[in-house]
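Where a number appears in this text, it was derived from the coordinates with a stated rule and is not lab data. Because the structure is a prediction, the values reported are computed rather than measured. Cβ: placed from backbone, ideal geometry, glycine included. Neighbour counts: every protein chain shown.
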Amino acid sequence: MLDSRPLLLATDFPPIKRGHVETLQVNLGYLCNLSCVHCHVNAGPSRTELMDLPTIELILQYIDQHNIKVLDLTGGAPEMNPHFRYLVTEARHRGVEVVDRCNLTILLEPEYAEADLAEFLAEQGVVVTASLPCYSEENVEKQRGKGVYDESIEALLKLNALGYGIDPDKPLNLVYNPVGAVLPPPQEQLQADYKRELKQRFGIEFNQLFTITNMPISRFGSVLMSHNEFDAYMELLKNNFSSDNLTTVMCRSLISIDWQGYVYDCDFNQMLEMPLIANDRAKTHLSDIVADSVVGSDIYIGDHCFGCTAGQGSSCSGALND
């Protein structure tokens, strides 16, 4: 696979510093039941990297020490980590909002369906933020594989039946990624299209649509390079840079933890092996800063940061300005 990282490290992106950390984004491992073309972590069924229980306990310790408001769980499919339910339950006992970045199809896998995974999420009041790259079958299957669209619709109906997207205590959000080297359309307009189409076709309801710009890293970056589209895509991101987005980029209020417990400024920096720099360490483990504040620290930037600030902006919670 072609590596875009060397092309991203030299940058003229403006320097930014971190504010108060409210969100802990945790990658529970790269194991996944899918291998999506836009996946920036190269997750898949053959990956074996999974966060262990001592690191899970360290996550909970950090939450206790720093009054974390939101625990954002990613993967891979985060639900495939054997300690997923323990972490969710302990975080919810602490009053922390838990977000599960769900690929939907995992809810139908026999092992997880038989263990009532969807019901567990509902009982715990977990926010489900689910990937659905488009409301049309063709575009979804281009990104995620044959049969994924029908399974995603079935999973959404299952979540609706449990109150997700209907009960205010069970938020269901969807995530849109563009197909190809283009910026997402305006989030509010696309959300209206999603709500109309999914309601009319299937009776599906959800709360918000988050539009997320494809990052020129990992699997998507490799695809860009192999198609000789990398330079053009970077030019698109830079030409649409908006300084208005600098105050609300997610890295200002978030830190990202990898499956081994190492700390990064965001999930994208994690995949580029660009660690959070604290106390002059070359690489920072969560255990190194569990009692320390990172407020005011410099954020490690690269050319990929233009992806978060282009046009309406992009974050794990969708557009920054719509």
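Annotations
- Of the trypsin sites (Lys or Arg not before Pro) in region 69-103, those whose Cβ has at most 16 other Cβ within 10 Å and which sit in DSSP loop: Lys69, Arg94
- In this structure, the residue pairs whose Cα-Cα separation is over 22 Å, taken from Lys69/Lys158; Lys17/Lys283; Lys195/Lys238; Lys238/Lys283; Lys17/Lys170, are Lys69/Lys158; Lys195/Lys238; Lys238/Lys283; Lys17/Lys170.
- For the chain, built as a Gaussian network whose Cα springs stay under 10 Å, the top-fluctuating residue of Arg201, Arg47, Arg18: Arg201
- Which labelled figure in (1) 208; (2) 140; (3) 124 is volume of the Cα convex hull per residue in Å³, once derived from the coordinates: (3)
- Theoretical ellipticity at 222 nm over the chain - DSSP helices of four or more residues, -39500 (n - 2.57) apiece, nearest 500: -9500 deg cm²/dmol
- Per-residue extension of 0.36 nm, minus the Cα-Cα distance of Phe241 and Asp12, leaves a gain of 81.3 nm for this segment.
- DSSP bridge pairs, the chain: antiparallel proportion in percent, nearest 5: 25
- Note, ³J(HN,Hα) from phi for region 119-124, Karplus 6.51, -1.76, 1.60, rounded to Hz, x at Gly and Pro: 5, 4, 4, 5, 4, 7
- GNM remark for the chain: springs join alpha carbons under 10 Å apart, and the peak mean-square fluctuation among Ser222, Ser293, Ser256 falls on Ser293.
- Most mobile listed residue (Leu190, Leu159, Leu174) in the chain, GNM with C-alpha springs under 10 Å: Leu190
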